[in-house]
Amino acid sequence: MFLDTETIRADFPILSQKVYGKPLVYFDNAATTQKPLSVIRKIEEVYSTINANIHRGVHRLSQLATESHEEARKTVQRYIHASSSNEIIFTRGTTESINLIASSFCRSQCKAGDEIIITEMEHHANIVPWQIQQDITGIAFKVVPITETGEIRLEDLEKLISPKTKLIALTHASNVLGTINPIADVVRLAHSQDVPVLIDAAQSVQHIPIDVQALDCDFLVFSSHKMYGPTGVGILYGKENRLEQLPPYQGGGEMIANVTFEKTTYNELPFKFEAGTPDYVGSTALGEAIRYIEKIGLENIYFQEEKLLQYATERLLQIDGLRIFGTSKQKGPVISFLVKGIHPYDMGMLLDHLGIAVRTGHHCAQPLMNVLGIESAVRASFAFYNTEAEIDILIAGIERIVKMF
Ligand code: PMP
């Protein structure tokens, strides 16, 4: 279905802004998405009507705030088709979710010499936590190479799996190349060898329907702020039996059953992993963001973004000397590129002065940059509220900059 972009854009107040006197063209959606009014209003509503610390209070406001937080957990459960809301852990974001698993999993289930497998296209958030564990527990990690088109091959992954492999942790969609990895096949292959899989869905959960039960993945993580929700909230999904086997990540209030100076027993799932006051305002607003996505329809979102990706790719490739990194057939709405002779920072800065927000740099994927043989790139990433007319503005901007150089 074609989306009525004009009506949709009216839901996002920031999009009607001007930057340096030019209409804002926001193409930095892979870094964070803009927020619809319903989400912004929900934050105001919680603080204006039910704000109180949750779970511990007997008073009315505390009960309402608790209900609101727990309702949001159920909304997330429904969105990713988890079998129980006990499998939904609120964190601060994808990064914290991966750190939680890296710490709790390696501490309890790995010994020196055991191996974790990642891929060359991972974000730093799915590299550095494993390196920290390498220092603490002596695990090693192996890296699946990418092909010319920026994809992984199952046979390369299979070659790396050994009796020492304890976990495969990979991104569903690359934040640089756009590549959508065949995660269902990866899970099947991994499970045939009794290896659990963690999926980084930071760049997919806002674009593609995810059914964790159909996928059968063991862990899946994502951030609210990349899916039209507020900052500071993220999700760790884990199969209940997997989460049961893991020790807590942080200690403090809420995650305990009983505390004495001699011994502490831990709360049950999901609270065992939620030490301290959670961001119940953020979680409630994330629930609202999910309802917004569901109202528009993920299939419609996917269709619109795919159209924008195709159009932008075609138009960009017409520019002399422009090279796109990542040409996978299955690709999310992310295009990283360089124009010969123009430093990406210059490109980003000059586009900014035309009101166009793109990202430049290593995109928190320095090892991938090394593999690609570059230091940085320009990245334009789209959301369903973007338009082909905005892509025309980007193309005209790049052409103008090319002429200047
Ligand atoms: N993984 C991927 C693939 C990402 O794109 C990002 C955000 N750029 C992250 C992890 C980290 O997300 P956050 O900063 O929200 O924790």
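The values are calculated or read from the model by the stated rules, or taken from the named source; none is laboratory data. Given the structure is predicted, the values throughout are model-derived calculations rather than measurements. Glycine also receives a Cβ, built like all others from the backbone with ideal geometry; neighbour counts cover every protein chain displayed. Quick note on the areas: whole protein, heavy atoms, side chains included, nothing else; ligands and nucleic acids left out. Shrake-Rupley method; radii C 1.70, N 1.55, O 1.52, S 1.80 Å.
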Which condition number in (1) more than 28 Å from residue 17 (Cβ to Cβ); (2) part of a helix (DSSP H, G or I) is the one that residue 350 fails?
(1)
Could you list, in sequence order, the residues of the range 125-153 that are in a helix (DSSP H, G or I) and under 19 Å from residue 201 (Cα atoms)?
125, 126, 128, 129, 130
Number of positions in the range 1-51 that are without any contact (Cβ under 8 Å) to a residue 24 or more places away in the chain and surrounded by 15 or more Cβ atoms within 10 Å (Cβ to Cβ)
2
Kindly check whether there is at least one residue in the range 378-387 that is within 30 Å of residue 127 (Cα to Cα) and of a type in the set (Val, Ile, Thr).
yes
Restricting the search to the range 393-405, which residues are open to solvent by 60 Å² or more (accessible area, probe 1.4 Å) and touching a residue at least 60 places away in the same chain (Cβ under 8 Å)?
393, 399, 405
Set 61, 37, 15, 100: member being at pLDDT 95 or above, over 26 Å from the mean Cα position of the chain (by Cα) and hydrophobic (A, V, I, L, M, F, W, C)
61
Which numbered condition trips up residue 89, out of (1) within 16 Å of the ligand (Cβ to nearest atom); (2) open to solvent by 20 Å² or more (accessible area, probe 1.4 Å); (3) touching a helix residue (DSSP H, G or I) at 6+ places or on another chain (Cβ under 6 Å)?
(2)
Within the range 242-258, work out how many residues are surrounded by 13 or more Cβ atoms within 10 Å (Cβ to Cβ) and not in a loop (DSSP other than H, G, I, E, B).
3
Which one of these is open to solvent by 30 Å² or more (accessible area, probe 1.4 Å), in contact (Cβ under 8 Å) with a residue 24 or more places away in the chain and more than 21 Å from residue 85 (Cα to Cα): 226, 239, 159?
226
Quick one: in the range 162-180, which of the residues that are away from the ligand (no atom under 16 Å from the Cβ) and outside any strand (DSSP E or B) is surrounded by the most Cβ atoms within 10 Å (Cβ to Cβ)?
164
Selected residue (only one of 185, 211, 218, 194 is over 21 Å from residue 302 (Cβ atoms), more than 16 Å from the ligand (Cβ to nearest atom) and open to solvent by 10 Å² or more (accessible area, probe 1.4 Å))
194
Give me the residue from the range 118-145 that is out of contact with any Cys (no Cβ under 8 Å at 6 or more places or on another chain) and over 19 Å from residue 370 (Cβ atoms) and, out of that set, nearest to the ligand (Cβ to nearest atom).
129
Any idea which of (1) among the hydrophobic types (A, V, I, L, M, F, W, C); (2) outside any helix (DSSP H, G or I); (3) surrounded by fewer than 15 Cβ atoms within 10 Å (Cβ to Cβ) is the one residue 384 doesn't satisfy?
(3)
